[in-house]
Amino acid sequence: MKKINIWNEGSLMEGLTLEALKRPHASRPRNPIIADVCFKGGYIDAWGRGTIKIIDSCKAAELQEPEMKEQDGGFLLTIIKDILNADYLVRLGLNERQIKVVEYVKKNGKISNKEYQELTGMARMTATRDLTELVEKKILKSSKAKGAGAFYKF
């Protein structure tokens, strides 16, 4: 999972909440002179739409909604690139076991056939079939090792 963090010093203006940033809201620039120059220069197309445009762009790219929070005397916006979310995996036609395993690999970095069997309760052949399908769909990559040392990762 990759992410981009954008942090800016200063808290939200009084009366503006994190939830308000997700819908049309009043814009109260911290520095109206700089904001006016940016607007006239074409860097701002409409007041109070920046965060909404970021959210809409993430949705259009099939990314989850960005995280926004006030932190360490500033405002932090985090865009997470994780297209391997449950909705996307279901659209690819993966079964519940495979989705569970993708989540496992996200957390642990890799999985072996034996770990797949233990995690899902499936027989070796079913695990092999499921893992092979994940490789064919280019979700996981197989290690060069074969047999007992083999594993699967992103």
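The values are calculated or read from the model by the stated rules, or taken from the named source; none is laboratory data. Bear in mind the structure is a predicted one, so any value in this text is a computation, not a measurement. Note that we place each Cβ from the backbone using ideal geometry, even for glycine, and neighbour counts take in every protein chain shown.
Name the single residue that is modelled with the highest pLDDT among those in segment 38-58 being within 10 Å of residue 21 (Cα to Cα) and assigned to a loop (DSSP other than H, G, I, E, B).
49
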Please find, among 84, 94, 21, the residue that is assigned to a helix (DSSP H, G or I), in contact (Cβ under 8 Å) with a residue 40 or more places away in the chain and either surrounded by 16 or more Cβ atoms within 10 Å (Cβ to Cβ) or outside the structural domain of residue 141 (by TED's automatic domain parsing) (or both). 21
For residue 40, are the conditions met, namely being over 27 Å from residue 122 (Cα atoms) and either over 13 Å from the mean Cα position of the chain (by Cα) or not polar (S, T, N, Q) (or both)? yes
Are any residues in segment 100-121 under 20 Å from residue 90 (Cβ atoms) and either surrounded by fewer than 18 Cβ atoms within 10 Å (Cβ to Cβ) or of a type in the set (Lys, Arg) (or both), and if so, which ones? 100, 103, 104, 106, 107, 119
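Conditions tested, residue by residue: (1) farther than 20 Å from residue 82 by Cβ; (2) touching a residue at least 40 places away in the same chain (Cβ under 8 Å).
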| position | (1), (2) |
| --- | --- |
| 107 | no, no |
| 120 | yes, no |
| 123 | yes, no |
| 128 | yes, no |
| 139 | no, yes |
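Would you say residue 69 is outside any loop (DSSP other than H, G, I, E, B), within 17 Å of the chain's Cα centre (by Cα) and among the charged types (D, E, K, R)? Please lay out each step first, then the result.
Values: outside any loop (DSSP other than H, G, I, E, B): yes; within 17 Å of the chain's Cα centre (by Cα): yes; among the charged types (D, E, K, R): yes.
Here the answer is yes, as residue 69 does meet what is asked.
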